[in-house]
1. Out of everything in the range 356-372 that is more than 12 Å from the ligand (Cβ to nearest atom) and open to solvent by less than 50 Å² (accessible area, probe 1.4 Å), what residue ends up being modelled with the lowest pLDDT?
2. With the requirement that a residue be more than 22 Å from residue 139 (Cα to Cα) and buried (at least 16 other Cβ atoms within 10 Å of the Cβ), what does the range 89-109 give you?
3. Scanning for something closer than 20 Å to residue 386 by Cα, open to solvent by 50 Å² or more (accessible area, probe 1.4 Å) and at pLDDT 85 or above, does the range 328-342 turn up at least one residue?
4. Checking residue 183 against (1) under 17 Å from the mean Cα position of the chain (by Cα); (2) under 30 Å from residue 236 (Cα atoms): exactly one of these is not met. Which one?
5. If I go through the range 204-227 residue by residue, how many of them are closer than 18 Å to residue 243 by Cα and assigned to a helix (DSSP H, G or I)?
6. Give the residues of the range 1-19 that are open to solvent by less than 100 Å² (accessible area, probe 1.4 Å) and modelled with pLDDT under 75, sorted by residue number.
7. Looking at residue 262, is it within 31 Å of the chain's Cα centre (by Cα), open to solvent by 50 Å² or more (accessible area, probe 1.4 Å) and not assigned by TED's automatic domain parsing to the domain that holds residue 384?
8. Is it the case, given these coordinates, that residue 112 is among the acidic types (Asp, Glu) and either within 21 Å of residue 54 (Cβ to Cβ) or surrounded by 15 or more Cβ atoms within 10 Å (Cβ to Cβ) (or both)?
Amino acid sequence: MDFSFLSNFLLWQWALLLVILWLFVQWLSSRYKNRYRKRHLRFSHDYFQGLNYLLNDEQDKALEIFLQLVEADWKTIDTGLALGNIFRRKGEIDKAIKLHHDLLSRPSLPAEYKSKILLELGRDYLLAGWLDRAEGLFTDIAKDDVYACDALHYLMDIYQKEQEWRAAIDTGWEYQKLCKKDERPLIAQFHCSLSEKLLKQNNRSDAEALAAQALSVDPGCVRASIILGEIAIQDRQYQKAIILLQQVEQQNSVYIPLVIDKLAECYREQSDLKTLIAYLRGVENRTEKLDLASALARLIYEAYDKSSAVEYLSARMLVNPTLDGMNTLLELKTTEDDTAQNFMPQIVKNLLKKQPMYQCHKCGYAANTHYWLCPGCQTWSGMRPRIINNKTGLMYE
Ligand SMILES: [Zn+2]
């Protein structure tokens, strides 16, 4: 029997079915596209209206629109959070807080976005100075995997502001371990801050232990060497203090100017200033950039005589003229009967005030007092002593 007629018929039926299916899919997709386009148009319209309100400073209206947009589609949450950021930058923290509270109170809020909004609310609290509230929030968020690193970082910030150094140290280690960042120099600074606090309370043994810990956490921590050197001076262990303070040259020689007075105290006690002068001249040769000339000239004056000091300083000023050096040279050369010249040191001193001893290499904050935590940008070890630049004179690193 011939079955070809039957198989042709089945083939046609299948082809017809496929065509119908294809048409159905096309219809479905065009329907979806239309709906999406309408929704998208609606979204764009609202979005631009919100922007318009924002530009016209009608922030309450803008806030309402953006909140509705976010609630209609939580994937647009970054728009809402950006608005919070704008409020914060303008100093309108109450509005930022209201926005974040509003978002958190929406019943439709998906669980995955909760920590993200809480993190922003914590930043509002931080800026408003409500450190306790911020601390509570960040401690909760730190338990969340996704935002733990951000939360721990803010917590470190808070403990630093509150000078809760133990908590700062613990959080620092937690942050380093979880977020794979090297925070050892910062953690060493926290140890040093706690050590200095204990020193003020006359708890010398714990202070010493903490500074030693700072050194084991970060062997390059200049501040720890200085604290240990100061403790040794208080204990009248001058030889020990000298070893500790001279460590600074290997750690970061730019900080040598911070320890010259302390070293002089040690060597003076041992009636051996000449050895210190030899050491500092060695440092001067090894690190040409350091501005040690004035300090050295004063020590030479004290250990030898005025003419040796003037001779040394004049030679240095010919190579690296600095205002500070000129000032010391004038002071050394001024005599009581030479009244005309007596004005010069004051004039130079006034000029010098315009070029402070220390400047932050991050933000440029300058002062004549050294701070380990820059008051300008809150960077640890940001402030450094002046150095010599052969082309432009004194400058900062
Ligand atoms: Zn700074």
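The values are calculated or read from the model by the stated rules, or taken from the named source; none is laboratory data. Keep in mind it's a predicted model, so treat the numbers as computed, not measured. Cβ: placed from backbone, ideal geometry, glycine included. Neighbour counts: every protein chain shown. Accessible surface areas use protein heavy atoms only, side chains included; no ligands, DNA or RNA. Shrake-Rupley method; radii C 1.70, N 1.55, O 1.52, S 1.80 Å.
1. First pass over the range 356-372, keeping only residues more than 12 Å from the ligand (Cβ to nearest atom): 356-357, 368-370.
Going one step further and asking which of them are open to solvent by less than 50 Å² (accessible area, probe 1.4 Å), we end up with 356, 370.
Values: 356: 85, 370: 93.
The selected residue is 356.
2. Residue satisfying the conditions is 95 alone.
3. Going through the range 328-342, the residues closer than 20 Å to residue 386 by Cα turn out to be 328-329.
Subsequent filtering for residues that are open to solvent by 50 Å² or more (accessible area, probe 1.4 Å) retains none.
No: zero hits.
4. Only one criterion in (1) under 17 Å from the mean Cα position of the chain (by Cα); (2) under 30 Å from residue 236 (Cα atoms) is unmet by residue 183, namely (2).
5. Going through the range 204-227 one residue at a time, the tally reaches 14.
6. 4, 6, 7, 8, 10, 19
7. Numbers: within 31 Å of the chain's Cα centre (by Cα): yes; open to solvent by 50 Å² or more (accessible area, probe 1.4 Å): no; not assigned by TED's automatic domain parsing to the domain that holds residue 384: yes.
Considered against the rule, which asks whether it is within 31 Å of the chain's Cα centre (by Cα), open to solvent by 50 Å² or more (accessible area, probe 1.4 Å) and not assigned by TED's automatic domain parsing to the domain that holds residue 384, residue 262 comes out as no.
8. On the way: among the acidic types (Asp, Glu): yes; either within 21 Å of residue 54 (Cβ to Cβ) or surrounded by 15 or more Cβ atoms within 10 Å (Cβ to Cβ) (or both): no.
Spelling it out, it is not the case that residue 112 is among the acidic types (Asp, Glu) and either within 21 Å of residue 54 (Cβ to Cβ) or surrounded by 15 or more Cβ atoms within 10 Å (Cβ to Cβ) (or both).
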